[in-house]
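The values are calculated or read from the model by the stated rules, or taken from the named source; none is laboratory data. Nothing here was measured: the structure is a model prediction, and the numbers come from that model. Ideal geometry is used to build each Cβ from the backbone, glycine not excepted, and the neighbour counts take in all protein chains shown. With ligands, DNA and RNA removed, areas are computed over all heavy atoms of the protein, side chains included. Shrake-Rupley method; radii C 1.70, N 1.55, O 1.52, S 1.80 Å.
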Amino acid sequence: MNPMLTIAVRAAREAGRIITRNFGRIDRLTITDKGSNDFVSEVDRNAEQVIIEVLRDKYPQHAILAEESGRHPGSDYQWIIDPLDGTTNFLHGFPQFAVSIALKVKGRLEIGVVYDPLKEEMFTAGRGEGALLNDRKIRVSSRKGLEGALLGTGLPYRDFSHTDNYMGMLRDLIKASAGVRRPGSAALDFAYVAAGRTDGFWELGLQEWDFAAGALLVREAGGLVTDIGGGERFFDTGNVIAGGIKVHKAMLKHILHHLDDKLTA
Ligand code: IPD
Ligand code: CA
Ligand code: CA
């Protein structure tokens, strides 16, 4: 295994320990509101700190972009960290959340780790090396289109400026597929596409740390990740579609009908 992937896995496990230790003690946590419907707890902060310590211990020169503490300058190697993706779920005792750690080198994704500490599922990917779940190769589903497909999504919950566009997409994709799920952790949503548990996923307004690791997982599992216009600008817009090649194409066709001047690719 790429030594940097080994370190990222170690960091994810340490963060996972903090998260699971606190999962049954949510009433004792200090929770603050970062903005409308945007909560953070000491678990998010402590998990992030431990990840940064593990990474910085080995790679003191590397740059970091972390959800809670922001940008830490450094070299062309940049770690992108979401210490707890699915905080709202975590705070409600809803068991779907993950640690997400990615590495970009000169802007290109090289490593992705998404770890579900409750299910002890470690999703890993290295560029050109495929995607694994607990050391076993995973592939996106080979479904030919939306018929019979199970899709994942994220509902708007903080920024409601594109809700009408989103609801149009949802309406069409509900009708065209076998069902749509909103599990509440974008990092895991991507990992589930990579593992073929869902056939496709889309969400508007994500942040880089929500899906940097997940995007590499999907690509390395043979899938496609684009912005909602079918282009490459998903890191700029946060509007993302992921899926097996054919399902992605079919989703894109429906989604394109609901773009307007305010919501472009
Ligand atoms: C959130 C989760 C959620 C997605 C939101 C994200 P957080 O991350 O990934 O599924 O719908 O857009 O912000 O805030 O729990 O790290
Ligand atoms: Ca997140
Ligand atoms: Ca988070």
- Task: Assign one of three labels to region 1-148, namely rounded, prolate or oblate, based on the Cα gyration tensor with a ≥ b ≥ c the square roots of its eigenvalues; rounded applies when a/c is under 1.5, prolate when it is not and a/b is larger than b/c, and oblate otherwise.
- Result: oblate
- Run through all the Cα pairs of region 188-260 and give the fraction in each 10 Å bin from 0, expressed as whole percent. 23, 59, 18, 0
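Sorting Leu151, Leu256, Leu170 by accessible area (1.4 Å probe), largest first, what list results?
Per-residue accessible area, sorted high to low, gives Leu256, Leu170, Leu151.
Length gain on complete extension for the stretch Thr32 to Met167, per 0.36 nm per residue less the alpha carbon to alpha carbon distance? Numbers along the way, then the final one.
Values: separation 135, 0.36 × 135 = 48.60 nm, distance 2.97 nm.
The Thr32-Met167 span can extend by a further 45.6 nm.
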- Would you work out the relative contact order for region 74-114, in percent, from Cα pairs under 8 angstrom that are 6 or more residues apart? 39 percent
- Might you tell me the accessible area per residue for the chain, computed with a 1.4 Å probe and given in Å²? 45 Å²
- Extension reserve of the Met1-Arg71 stretch, reckoned as 0.36 nm per residue once the Cα distance is removed: 22.4 nm
- Message: Restricting to DSSP H runs of at least four residues, report the calculated mean residue ellipticity at 222 nm for the chain, -39500 (n - 2.57) per run over all residues, nearest 500 deg cm²/dmol.
- Response: -11000 deg cm²/dmol
- Task: Answer with one residue from Ala178, Met251, Ala191: the one whose Cα lies farthest towards the positive end of the charge dipole of region 150-264, charges on Cβ with Lys, Arg +1 and Asp, Glu -1.
- Result: Ala178
- Work out how much length Arg158 to Arg10 would gain on full extension: take 0.36 nm times their residue separation and subtract the Cα-Cα distance, in nm to one decimal. 50.1 nm
- Note on the structure: In a Gaussian network model of the chain with springs linking alpha carbons closer than 10 Å, the residue among Arg143, Arg71, Arg219 that fluctuates most is Arg71
- Please report, in debye to the nearest 20, how large the charge dipole of the chain is about its Cα centre when each Lys and Arg carries +1 at its beta carbon and each Asp and Glu carries -1 there. 800 debye
- Output for region 109-139: GluC sites (Glu not before Pro) sitting in coil per DSSP, at most 16 other Cβ within 10 Å, listed by number, reads Glu120, Glu129
- Kirkwood Rh over alpha-carbon pairs of the chain plugged into Stokes-Einstein at 10 °C, 1.306 mPa s gives a D in µm²/s of 87 µm²/s
- Item | Total charge dipole magnitude, region 1-136, about the Cα centre, Cβ charges on Lys, Arg, Asp, Glu only, Debye to nearest 20 | 280 debye
- Item | Listed residues Thr264, Thr6 arranged by accessible area, highest first, probe 1.4 Å | Thr264, Thr6
